[in-house]
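Quick one: the structure is below, questions incoming.
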Amino acid sequence: MAVFRTGNPALSDKTFQGLTRTGEGAMTLQGTVNKTGIGLLIVVAGSVITWNMEQPVLLMILGAIGGLVVGIVTAFKRDWAPFTTPVYAFLEGLLLGGISRMYDQQVEGIVPLAVGLT
C-alpha cells in the first residue's frame, strides 16, 4: 500500500512535532462537528452584514486583507488558532457576503440557488 505524501509545507512532519494537548481529552467527532458548526454560524453572521449593504466594497476589502493577515498569523502561531479561527471566519464571511451580493445584483436569484445546491 502506498503512502501519500504532500508538498504542502503546512502539513509536513515538522508541523505536528512539539504540539501539546490543551484539553481534558482527545479530539472527538462531536467536538469537531460542534466547532465546525460554530465556525459556519460566524461566517454566516459576517456575510449577512455585507449582504444587506448597498455598497459593501470597504468591508469586502477589510475581510480579504484581514482574513489573509489572520490566516498567515495562524499558520505561524498555531497555538493562537482557538482565538484566530472565529476572527478569520467572520472576516471571510464579510468577503463572501459582499461577493455574493455583487453576483446577485447581476443575476437575480443566483446566490440562493448556489447555496441551496451546495
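Each reported figure results from applying straightforward, stated rules to the coordinates on display, with no laboratory input. What you are looking at is a predicted structure, and each value in this text was computed from that prediction instead of being measured. Counting neighbours? That spans all protein chains shown, and the Cβs are built from the backbone with ideal geometry, glycine included.
Working only within the range 53-85, note down all residues that are of a type in the set (S, T, N, Q) and in contact (Cβ under 8 Å) with a residue 24 or more places away in the chain.
The first filter runs over the range 53-85 and keeps only residues of a type in the set (S, T, N, Q), leaving 55, 74, 84-85.
The one that is of a type in the set (S, T, N, Q) and in contact (Cβ under 8 Å) with a residue 24 or more places away in the chain: 85.
Looking at the range 16-29, is at least one residue surrounded by 15 or more Cβ atoms within 10 Å (Cβ to Cβ) and either out of contact with any Ser or Thr (no Cβ under 6 Å at 6 or more places or on another chain) or under 21 Å from residue 115 (Cα atoms) (or both)? First the steps, then the outcome.
Just the residues of the range 16-29 that are surrounded by 15 or more Cβ atoms within 10 Å (Cβ to Cβ), to begin with: none.
Checked the range 16-29: no residue is surrounded by 15 or more Cβ atoms within 10 Å (Cβ to Cβ) and either out of contact with any Ser or Thr (no Cβ under 6 Å at 6 or more places or on another chain) or under 21 Å from residue 115 (Cα atoms) (or both).
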